[in-house]
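Just below is one structure, and these are the notes that go with it.
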Protein chains: 6
Amino acid sequence: MAKSDNQHDERSALYQRGMAEIRKQLGPMADGYIKRIKAMSPEFAWVNVTFPFAELYTRDVIDLKTRELCTVAALTVQGFALPELKIHIEAALRCGASRSEVLEIITQMIAYCGFPAATNALMTAKTVFDERDAADGKAKKPAKKAAGKAKKK
Amino acid sequence: MAKSDNQHDERSALYQRGMAEIRKQLGPMADGYIKRIKAMSPEFAWVNVTFPFAELYTRDVIDLKTRELCTVAALTVQGFALPELKIHIEAALRCGASRSEVLEIITQMIAYCGFPAATNALMTAKTVFDERDAADGKAKKPAKKAAGKAKKK
Amino acid sequence: MAKSDNQHDERSALYQRGMAEIRKQLGPMADGYIKRIKAMSPEFAWVNVTFPFAELYTRDVIDLKTRELCTVAALTVQGFALPELKIHIEAALRCGASRSEVLEIITQMIAYCGFPAATNALMTAKTVFDERDAADGKAKKPAKKAAGKAKKK
Amino acid sequence: MAKSDNQHDERSALYQRGMAEIRKQLGPMADGYIKRIKAMSPEFAWVNVTFPFAELYTRDVIDLKTRELCTVAALTVQGFALPELKIHIEAALRCGASRSEVLEIITQMIAYCGFPAATNALMTAKTVFDERDAADGKAKKPAKKAAGKAKKK
Amino acid sequence: MAKSDNQHDERSALYQRGMAEIRKQLGPMADGYIKRIKAMSPEFAWVNVTFPFAELYTRDVIDLKTRELCTVAALTVQGFALPELKIHIEAALRCGASRSEVLEIITQMIAYCGFPAATNALMTAKTVFDERDAADGKAKKPAKKAAGKAKKK
Amino acid sequence: MAKSDNQHDERSALYQRGMAEIRKQLGPMADGYIKRIKAMSPEFAWVNVTFPFAELYTRDVIDLKTRELCTVAALTVQGFALPELKIHIEAALRCGASRSEVLEIITQMIAYCGFPAATNALMTAKTVFDERDAADGKAKKPAKKAAGKAKKK
């Protein structure tokens, strides 16, 4: 059997549930994100949609905000996954976490991964906050106030 | 100045707050844990008590249960810190997390660290649960029931 | 919807294909391995069977022996996943890799992870080879000859 | 003995065999790569040429294509070595691996390192493929067709 | 108690000792570095100043040059912390290490982390050396001589 | 050319210099250590002797004690290489480092890898110190005094 020709049905309930979950977490960037992966490897994209998003994130044992904070913790200590950390800080904020909570978890992680990895995570959070402030039209305000905003809850 | 003779005051509010926090999280094993570290390096013990426990874990931005689940996530993906993961699964349970919640976060981490690290974390959770069951006098019951217990919420 | 009560059908073609693949790779230990995981977290077990084994390993783009050597390479450089490395060295041998080939990939990995991780992988391979020799009734022979056997192709 | 003045003979058979192997794997960029390292540390360059390339990659226990796929697997799970992963994806293609095979191994690695590291590897593969397409004069074709090319075997 | 409102006294001997130590190691960039962190998370900045710098680096058990070489070794093998490695290569040079010594430790680390991580560290060292040469007004000299400078002790 | 039949000359100056260096660092266990590796993979053993020991550790740019402290730092932050960390703590002590210096570097590493990895390194140091005390016939003394010994310079 030529399993590499494996036909995955993107109209299936499983795939649709996964895409709905990705859109909830990643917002407008969700479809483009999966599309880019699919252009390289349809198998990778299928597994990405159906496994973590359709299977795991839809389970109600843990609320989505706590899940995302745990993912922020995990990506912070790994140290090398800053593009994905950026996506999940965005997702954490979309799922109801405050900026203070995201920063608190990153700060807590100093104890488990040391300063270098935690500092990189902190600067990644800064990028996310700055981009959101810019998108909110707050970018024109003076730098000092923007810094103050970064600490807003 | 011979800073290696640095006198840290264990009666200080900072140190006492750290020890109280460790006892809250680790229970009866807390004092022995710090004592063993102190026998090797008083500096290490001082930093361990005052920094993560007195400084970080006592901040109220995030509740302790969420903090511990984040730490479980972090230690799961690191893969090499099973003795510390064991301690923090214990701590998560002491801080109000259910067994199901701990297992759910470990399962979620498959997506961020793959199966090997997640499987080792799962088996570490099993050790914790088994030890707690044994301490509760449940160890005498047949294996099948014990397995059922592992899934209890 | 209580997704934590998610009903996965173990009689499905997907699950059965995954279990068949696990048995092919892990041999007699396959069922017990999944059973132990399922006793802790049915979700973890479902994902473990259906994702890497049913989805990935059955695709024919790459032959199974090459896949297993790549997994041995990956687990060698990670350094912390020795129980899983042991399982995949077994699987590589079952899938047609020779002992020499397994040792060659571990030796090659020195260049990508340094000596400590590679040495631990080498010693893990030794454990696998010794256990197989013992199971073959070769354990009674003197140590020197057994060492010679370790190098057999 | 001032061992830092250690005279390594670049005309030796060992060094020449290593350089020949690097050129086979890295192509036209080989000499520049080693030259840049040598400008910083002649010792580093000597070890780089003589150890992995002259010693390991020339051994015939495993064919070069399988070796390179194993290295792609290793660098994928490490997560932090994207510049080197790029070089070895190039090398894998030069040694006879197809694009599909490289993508398959990266996809397989999801199971051993999770999505973040694997996604970064996938995007690194995309960069390599795009650069090769551009060098082949295919860059002028519309984006859709280029995406199709990425999947070509 | 609202511990998140924790009042840390930056005029305290502890904090001042930490800042003095950071300035000694990082030079003119020290204050800006901490300021950027503090704008995001005052707690992170407090811990960063008081713990590694005030507590650890001021202890006289090990001289500062050896400490910095050990930190260079640690950041080299981690592989993902290149911005911090850059800072600590700078710090090592400020604390009396020669360029040769920094390069020697990075080269030694090949044995403990393999070539990819060590190569990235080597290129990070090159960036530091080049920036220092440029700041010294040496940037105008021809490339060949600059390469020679890189090896100067 | 059957490069797998590669004849390495163990009577060569290179190999002999490597073995002499290993014996200097590891003491009486050196020959057994290499023998065990060689029984599995002669190529691995050859590279292990000739590359880090003959090539790197004999260079006089950095003294052996500093090299070993850097290796202790590297293995501490990696977290998974405790058997090798044990060997290099032994080697550091043989090369003139005091117990206090080893403990100081491990303590310093908290800042770069967090508490879990550093705690495991601390406990590995304890094992080394205890074994040396036992070998010195100090094991018969009461536990309290032994703890005091651990801190001796």
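The values are calculated or read from the model by the stated rules, or taken from the named source; none is laboratory data. Owing to the predicted nature of the structure, the values given are computational and were not obtained by experimental measurement. Neighbour counts are summed over all protein chains in view; Cβ atoms, including those assigned to glycine, are modelled from backbone coordinates with ideal geometry.
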Residue, farthest from the other protein chains (Cβ to nearest Cβ), within the stretch D:59-103, restricted to residues that are over 13 Å from the mean Cα position of the chain (by Cα) and of a type in the set (S, T, Y): D:S98
Residue satisfying condition, being touching a helix residue (DSSP H, G or I) at 6+ places or on another chain (Cβ under 8 Å) and polar (S, T, N, Q), within set F:Q25, F:Q16: F:Q25
Failed criterion for B:I22 (all others in (1) farther than 30 Å from A:G96 by Cα; (2) surrounded by fewer than 24 Cβ atoms within 10 Å (Cβ to Cβ); (3) among the β-branched types (V, I, T) hold): (1)
Any hit, the stretch D:80-89, residues being out of contact with any His (no Cβ under 6 Å at 6 or more places or on another chain), within 14 Å of A:V47 (Cα to Cα) and acidic (D, E): no
Per-region count, the stretch B:25-41, residues small (G, A, S) and buried (at least 16 other Cβ atoms within 10 Å of the Cβ): 3
Scan of the stretch F:2-61 for residues that are in contact with a His (Cβ under 9 Å, 6 or more places away or on another chain) and β-branched (V, I, T), ordered by number: F:T50
Test: residue in the stretch E:42-58 that is of a type in the set (D, E, K, R), facing another protein chain (nearest Cβ under 9 Å), surrounded by fewer than 19 Cβ atoms within 10 Å (Cβ to Cβ) and more than 15 Å from the chain's Cα centre (by Cα): no
Filter pass, E:P28 being free of Cβ contacts under 8 Å to residues at least 12 places away in the same chain and more than 9 Å from every other protein chain (Cβ to nearest Cβ): yes
Spans of helices (runs of 4 or more DSSP H) in the stretch D:27-113 with at least 3 residues among the charged types (D, E, K, R): D:30-40, D:64-78, D:82-94
Test for C:G96: is it within 21 Å of D:R67 (Cα to Cα) and touching a Pro at 6+ places or on another chain (Cβ under 9 Å): no
Top-ranked residue in the stretch D:51-88 [being hydroxyl-bearing (S, T, Y) and free of Cβ contacts under 8 Å to residues at least 40 places away in the same chain; ranked as nearest to E:M123 (Cα to Cα)]: D:T71
Criterion (closer than 27 Å to D:M109 by Cβ and at pLDDT 95 or above) met by exactly one of B:E84, B:E101: B:E84
Single condition C:I106 does not satisfy, out of (1) at negative phi; (2) within 14 Å of chain B (Cβ to nearest Cβ): (2)
Qualifying positions in the stretch C:115-131 - within 10 Å of another protein chain (Cβ to nearest Cβ) and among the acidic types (D, E): none
Residues of the stretch F:87-139 that turn out to be within 28 Å of A:A118 (Cα to Cα), surrounded by fewer than 22 Cβ atoms within 10 Å (Cβ to Cβ) and either of a type in the set (D, E, K, R) or touching an Asp or Glu at 6+ places or on another chain (Cβ under 7 Å) (or both), as a count: 1
